[in-house]
Ligand SMILES: *Cc1c(COP(=O)(O)O)cnc(C)c1O
């Protein structure tokens, strides 16, 4: 594929996603720009990130640490904001604490403790969203609604982390009504937490961003609609 073709289709997709977000904000009476776009660049080459940055996108989400680090190395000249959104194994926490600005997928205290210990003292606090399992036993990732308050309470006492909000990935195949319900439950769970400064609901992907925005999403994590179909895991 020629670079020009690649970049022009990327530009069209980027405009389309921004337009979908604007329409969804408008439709639910939310102020324009109240939802931030996280471009999910897993399996995509560094050049795709560079091209999207040139179009004005600054926040990128990655799922796999090693893949992310090699892209970050090549893109060091750009002022990017990096979000870690994938499942976290304990042996990956130090790389994440060093090289990311946000982590959306914290679902147990042990991981939060390691991120807190390993976040360099000269960096700003690491922004954290707790991943909640909104789909019951059908999903492996995320803390249960029952376990959320305990995890959040433990997390806010840790230095160098800043709890910003919650993240969820509803199971695929839900009815529209149940997708609304899942996002709504996440929002209500955040409102019920007794802590100051929670301002982030990380919810909505390529197929459900409109529903998520109508339920109060503040960050949508979009891969396929921006970059096209992913090749298998890099
Ligand atoms: C891959 C991924 C996305 C993006 O999904 P698309 O359907 O491609 O938009 C969002 N969030 C997480 C946690 C992901 O792993």
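Values quoted throughout were computed directly from the atomic coordinates according to the rules given, and no laboratory measurement underlies them. Everything numeric in this text was worked out from a predicted model, so none of it was measured. Every residue, glycine as well, gets a Cβ built from its backbone with ideal geometry; the counts of neighbours run over all protein chains shown.
Would you check which residues across the stretch 52-71 are touching a helix residue (DSSP H, G or I) at 6+ places or on another chain (Cβ under 8 Å) and crowded, with 19+ Cβ neighbours inside 10 Å and list them?
Answer for the stretch 52-71, where residues must be touching a helix residue (DSSP H, G or I) at 6+ places or on another chain (Cβ under 8 Å) and crowded, with 19+ Cβ neighbours inside 10 Å: 52, 57, 60, 62, 65, 68, 71.
Kindly indicate which of 48, 39, 68 is closer than 30 Å to residue 214 by Cα, within 16 Å of the ligand (Cβ to nearest atom) and part of a helix (DSSP H, G or I). Spell out how you get there, then give the answer.
On the way: 39 fails: part of a helix (DSSP H, G or I); 68 fails: closer than 30 Å to residue 214 by Cα.
It is 48.
Would you point out which residue out of 197, 204 is part of a loop (DSSP other than H, G, I, E, B), at positive phi, touching a strand residue (DSSP E or B) at 6+ places or on another chain (Cβ under 8 Å) and surrounded by 22 or more Cβ atoms within 10 Å (Cβ to Cβ)?
Details: 197 fails: surrounded by 22 or more Cβ atoms within 10 Å (Cβ to Cβ).
Just a single option satisfies the conditions, and that option is 204.
Among the residues of the stretch 208-234, write down those that are within 8 Å of the ligand (Cβ to nearest atom), touching a helix residue (DSSP H, G or I) at 6+ places or on another chain (Cβ under 8 Å) and assigned to a loop (DSSP other than H, G, I, E, B).
230
Could you say whether any residue in the stretch 31-39 is over 30 Å from residue 179 (Cα atoms), under 18 Å from the mean Cα position of the chain (by Cα) and surrounded by fewer than 18 Cβ atoms within 10 Å (Cβ to Cβ)?
Going through the stretch 31-39, the residues over 30 Å from residue 179 (Cα atoms) turn out to be none.
No, the stretch 31-39 contains no residue that is over 30 Å from residue 179 (Cα atoms), under 18 Å from the mean Cα position of the chain (by Cα) and surrounded by fewer than 18 Cβ atoms within 10 Å (Cβ to Cβ).
Does residue 25 fit the bill of being surrounded by 12 or more Cβ atoms within 10 Å (Cβ to Cβ) and within 13 Å of the ligand (Cβ to nearest atom)? If you could, list the steps in order and put the result at the bottom.
Details: surrounded by 12 or more Cβ atoms within 10 Å (Cβ to Cβ): yes; within 13 Å of the ligand (Cβ to nearest atom): no.
When the stated conditions are applied, residue 25 does not pass them.
With closer than 30 Å to residue 230 by Cα and either without any contact (Cβ under 8 Å) to a residue 60 or more places away in the chain or within 16 Å of the ligand (Cβ to nearest atom) (or both) as the only criterion, which of 186, 151, 161 stands out? So that I can check it myself, show each step before the final result.
Details: 151 fails: closer than 30 Å to residue 230 by Cα; 161 fails: closer than 30 Å to residue 230 by Cα.
After ruling out the rest, the residue left standing is 186.
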